[in-house]
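Some notes on the structure that comes next.
The values are calculated or read from the model by the stated rules, or taken from the named source; none is laboratory data. Given the structure is predicted, the values throughout are model-derived calculations rather than measurements. Cβ coordinates were reconstructed from backbone atoms using ideal geometry, including for glycine residues, and neighbour counts include every protein chain displayed.
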Amino acid sequence: MHHFAALHFPSPLVYIQQNARSYPKTYMGIIIAVANQKGGVGKTTTAINLAASFAAAEVRSLLVDCDPQANSTGGLGFARDPDRVSTYHLLTAEATAGEGVVPTELEGLSLIPSHKNLIGANIELVGAENREFRLRNALESIRTEFDFIVLDCPPALDLLTLNALVAADSVLVPMQAEYFALEGVSELLDTIERLRQSFNPGLEIEGVVLTMYDDRTNLAQQVTQELKRHFGDKLLDTIIPRNIRLAEAPSYGKPALLYDVRSRGAESYIRLAKEIMDRRMRPAAIENATSVSEQAPTATTVDQPEDFSNSNELKRVNES
Ligand code: ATP
Ligand code: MG
């Protein structure tokens, strides 16, 4: 297994690791579905490298391959094995999630693999009870063992993606900056809206992330402006560049940060993980920042008597 402490990496990996311990453990069990029904937009690349980057930030990370193509499974170096416990067995309740979790080469990153037999679950579950809740129920038992659980979805709004969206706290939507990108994603946004009104009221949009970005084209820049107008701050600041290392890494069975951590591709996903963690910390961070700046004047203004009338300390003293 790889451990990063022994290696010397440039930022942002160093940054994310130096700050790892300052991230409070409020992430526990956050489930993020990586979804877009359009094929080949970078879902799997995002799922693998985001999950790996979480692990590199020393938060416990699990990748669940929800796609019968099993690209996340293969991309992490696991041979397709029909006998191994996979997402299929979780959906059919033949195995528990705990039985499906396997460790990967990267310390802190685990995987629940997939297999092409998962395609059958779409049909087998059609008449089944709670068919949309199978994955959610299965993951419930292991949720607290991980900080982030990343779900790699197939390129369809089928029962598999539906299971992922019902299990998830939020959806991360990878998109390419091309014309008609918005049209493709509107159906997904409609589905998310319907799920909020039915099976999963708490479902949020984690963000939209631009993938395979080529900043040399005017088109990409124009489309980015349009997406910014449409999604506002849901469009994440981190942009994933087109980078050959990201495409090569899966054939070595490795996330990009184990294949070539200095590549722009690996770095961009490390930044994405950091951005997502920072955003999730933001409400608390802003609160802390305000209370610190409010306290600062009283702490430094020595002439004025300190006013503790609102402090809990004083209440406690008065009560005792
Ligand atoms: P599917 O819909 O089939 O599941 P997907 O949305 O999961 O596809 P990926 O498999 O991640 O998409 O990416 C499609 C192809 O593009 C792959 O060959 C992948 O290696 C390559 N690719 C993805 N992201 C990048 C990138 N940033 N730079 C270069 N190549 C990339
Ligand atoms: Mg994929």
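Only helices (runs of 4 or more DSSP H) whose full extent lies in the stretch 72-130 are considered here, and the ones with at least 3 residues that are away from ligand 2 (no atom under 16 Å from the Cβ) and surrounded by fewer than 20 Cβ atoms within 10 Å (Cβ to Cβ) are 118-124. When LEU246, LEU172, LEU160, LEU165 are screened for being touching a Gly at 6+ places or on another chain (Cβ under 9 Å), modelled with pLDDT of 95 or more, assigned to a helix (DSSP H, G or I) and buried (at least 22 other Cβ atoms within 10 Å of the Cβ), only LEU246 passes. Screening ASP233 with (1) surrounded by fewer than 12 Cβ atoms within 10 Å (Cβ to Cβ); (2) on the phi > 0 side of the Ramachandran plot gives one miss only, at (2).
Restrict the check to the stretch 140-151 and report whether at least one residue is within 16 Å of ligand 1 (Cβ to nearest atom) and either within 13 Å of CYS66 (Cα to Cα) or not in a helix (DSSP H, G or I) (or both). Scanning the stretch 140-151 turns up at least one residue that is within 16 Å of ligand 1 (Cβ to nearest atom) and either within 13 Å of CYS66 (Cα to Cα) or not in a helix (DSSP H, G or I) (or both).
If TYR213 passes every condition in (1) surrounded by 14 or more Cβ atoms within 10 Å (Cβ to Cβ); (2) over 28 Å from GLY265 (Cβ atoms) but one, which one does it miss? Among (1) surrounded by 14 or more Cβ atoms within 10 Å (Cβ to Cβ); (2) over 28 Å from GLY265 (Cβ atoms), TYR213 violates only (2). The listed residues are LEU188, LEU139, and the only one of them that is touching a helix residue (DSSP H, G or I) at 6+ places or on another chain (Cβ under 8 Å) and not polar (S, T, N, Q) turns out to be LEU139.
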